[in-house]
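Okay, structure first, notes after.
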Amino acid sequence: MRTQLINKIELDRERLLEDLERSLEINFAEPYDEFVCGRPWKSAMLMAPGGGEGGVLSDFDHSKRTAFTADGERLPYVQEILSTYFNLEHVTFVRLIALSNSVLIPHCDYVELDDTSKQRIAHRVHVVLSTAEDAMFNESDSVYRMKEGEVWFIDVTRPHSAGVVGDTRRVHLLIDVADVDDIEDLFTFTCELSGGIPDANLCDRPALGDAERDGLLSLSSIIDEENMMQIMALVVKKHYRKDGGHNFVWNTMSEIAARSGNEAIVKTVEDLYRHTNIARSESALAS
Ligand code: YCP
Ligand code: CO
């Protein structure tokens with residue numbers, strides 16, 4: 001399913017704030033740290049097959065019915081949102097994701113498999129619980145915001161990243177749902193599919209100036225294995241605020257690496273690109 005707005009749901013702010021407060025007590029997993037430039041991408045499993053805890057989707061016994069985990073049970077209003085707006089029989093996983101002061105490397109994701117039926121976990125849905133101006137997403141060359149209460153499909157097989165360039169604690173529900181013949185069956189509300197990223201959600205980014213581009217490329221004179229992820233963070237953050245053109249992040253990182261004249265850095269950047277983009281989309285195609 002391509003990335004698009006599905007609809008907007010009504011959130012009870014007071015009850016939501018209580019759950020967001022409770023969520024601070026959850027012991028979040030911090031997976032995928034090789035994608036993260038900044039503070040960790042925090043994930044807590046709220047629903048999973050058998051109601052078990054755990055971080056990685058493939059760890060679960062898919063023959064078991066999806067149920068709330070102990071962390072899910074701690075958030076009564078989030079449970080109510082899920083059972084009010086989703087047909088839970090089609091839901092495989094629900095995770096609560098918190099991000100702050102951090103950007104992810106633009107990457108493609110595996111579409112992970114359901115072990116028993118060998119069917120793809122067909123669709124990934126985001127529900128925005130808490131966000132602000134400094135929280136953005138990127139897909140291909142676009143940068144956009146999902147707003148509070150919005151429900152989206154995200155196409156994780158396309159290059160994408162998420163970023164919170166300030167202190168906001170951005171909290172989303174990330175919901176994996178099985179394939180169904182009629183996507184309306186996934187929800188209790190009517191889908192008003194936007195067909196793509198709506199203009200109202202796209203971020204207006206001024207063109208990157210020449211001086212800024214030169215400044216970024218001149219990081220070639222200091223890049224080394226130890227600061228490479230910090231340089232990546234600068235480039236990704238710039239991408240969220242300025243339009244640097246097609247494939248800006250990876251083109252810029254490759255150019256910085258090439259200008260450094262350091263073969264080890266060139267290889268590290270290439271390997272990182274391969275690991276986060278090529279290997280992942282090939283494996284999704286193979287599966
Ligand atoms: C995502 N993909 O795009 C996740 C975040 C890295 C893998 C962590 O939501
Ligand atoms: Co991803």
Verdict on residue 145 being of a type in the set (Lys, Arg), farther than 15 Å from residue 38 by Cα and away from ligand 2 (no atom under 15 Å from the Cβ)
yes
Quick check: anything in segment 166-178 closer than 20 Å to residue 249 by Cα, assigned by TED's automatic domain parsing to the domain that holds residue 21 and either out of contact with any His (no Cβ under 8 Å at 6 or more places or on another chain) or within 16 Å of ligand 1 (Cβ to nearest atom) (or both)?
yes
Residue hits (segment 125-142; surrounded by 16 or more Cβ atoms within 10 Å (Cβ to Cβ) and either closer than 19 Å to residue 36 by Cα or of a type outside the set (A, V, I, L, M, F, W, C) (or both)) are 126, 130, 131, 134, 135, 136, 137, 138, 139, 142
Tell me which strands (runs of 3 or more DSSP E) are completely within segment 146-244 and hold 1 or more residues being at pLDDT 95 or above and charged (D, E, K, R), or say none if there are none.
150-154, 170-177
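Does residue 201 count as more than 16 Å from ligand 1 (Cβ to nearest atom) and over 22 Å from residue 246 (Cα atoms)?
no
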Read through the list (1) closer than 28 Å to residue 92 by Cα; (2) not assigned by TED's automatic domain parsing to the domain that holds residue 85, then give the number of the only condition that residue 253 fails.
(1)
Taking segment 27-50 and keeping only residues that are buried (at least 18 other Cβ atoms within 10 Å of the Cβ) and away from ligand 1 (no atom under 16 Å from the Cβ), one is left with 47, 48, 49
Of the residues 132, 98, which single one is at pLDDT 95 or above and either closer than 20 Å to residue 2 by Cα or within 13 Å of ligand 1 (Cβ to nearest atom) (or both)?
98
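Can you pull out every residue in segment 148-171 that is in contact with an Asp or Glu (Cβ under 9 Å, 6 or more places away or on another chain), of a type outside the set (Ser, Thr, Tyr) and more than 16 Å from ligand 2 (Cβ to nearest atom)?
Scanning segment 148-171 gives 149, 165, 166, 167.
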Among the numbered criteria (1) modelled with pLDDT of 95 or more; (2) part of a helix (DSSP H, G or I); (3) more than 19 Å from residue 93 (Cβ to Cβ), which single criterion is violated by residue 80?
(3)
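The values are calculated or read from the model by the stated rules, or taken from the named source; none is laboratory data. Fair warning: this is a prediction, and the values are worked out from it, not measured in the lab. Using ideal geometry, Cβ is built from the backbone for each residue, glycine included, and neighbour counts are taken over all protein chains shown.
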